[in-house]
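Colleague: Submitted below is the structure of interest, expressed as structure tokens.
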Amino acid sequence: MPAAADPGSGRLRRRGQGELEAQVLAVLRTADGPATAGWVQEHLEGDLAYTTVITILSRLYAKKAVTRSREGRSYTWTSASDEAGLAALRMRRVLDGERDRDAVLARFVSALSPGDEERLRTLLARADASGGPGGPRDPEGL
């Protein structure tokens, strides 16, 4: 994983997991339309190699966080998700990898702060009322 300057120390620091993906998504959201990997590279802070940008975009595509369209011999990319959406995709992937979903969800909910638990209850009630995830039209629920 590429490193970035650590302010004040003069040393290089490793980027956090998902930090580059979040930066690429943020840049894609500023584009007027589909963007090339070269355009993304030019608009990112830092000095990332073109191949690194392609790798990040490909990973985001595999996670369904971006879409791509063939343009000649390369692709143009469009953000299909924001940072919250990317975090939700990561959470869903973790949940999908567990055998006992009930236990994982129960532990997750029991670890929430009272404020976050109330937010989750409000969101679930809203989704239930609108027929969204967890609502009457979603047989799998959350």
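Colleague: Could you go through region 28-33 in sequence order and give the Karplus-derived ³J(HN,Hα) for each residue, using 6.51 cos²θ - 1.76 cosθ + 1.60 with θ = phi - 60°, rounded to whole Hz, and x for Gly and Pro?
Modeller: Calculated HN-Hα couplings, in order: 4, 5, 8, 5, 6, x Hz.
Colleague: Each residue of region 69-79 in order: what ³J(HN,Hα) in whole Hz does its phi give by Karplus 6.51 cos²θ - 1.76 cosθ + 1.60, θ = phi - 60°, with x for Gly and Pro?
Modeller: Working through the residues one at a time gives 10, 6, 10, x, 8, 10, 10, 10, 10, 9, 5 Hz.
Colleague: Can you work out ³J(HN,Hα) from phi for every residue in region 39-45, in order, using Karplus 6.51 cos²θ - 1.76 cosθ + 1.60 and θ = phi - 60°, giving whole Hz and x for Gly and Pro?
Modeller: Ordered by residue, 3J(HN,Hα) equals 5, 4, 4, 5, 8, 7, 6 Hz.
Colleague: In addition: Expected output is a single nm value to one decimal: the length gained when fully extending between ARG29 and ALA84, i.e. 0.36 nm times separation in residues minus the C-alpha distance. What is it?
Modeller: 18.5 nm
Colleague: Accessible area per residue, 1.4 Å probe, Å², for region 28-142: what's the number?
Modeller: 72 Å²
Colleague: What are the residues whose amide H is under 5 Å from the amide H of THR36, where those residues sit 5 or more places off or on another chain and H is modelled from the backbone?
Modeller: Those qualifying (amide H under 5 Å, at least 5 residues apart or on another chain) are TRP77.
The values are calculated or read from the model by the stated rules, or taken from the named source; none is laboratory data. Here the structure is a predicted model, which is why all the values come from computation and not from measurement. All accessible areas refer to the heavy atoms of the entire protein, side chains included, with ligands and DNA or RNA removed. Shrake-Rupley method; radii C 1.70, N 1.55, O 1.52, S 1.80 Å.
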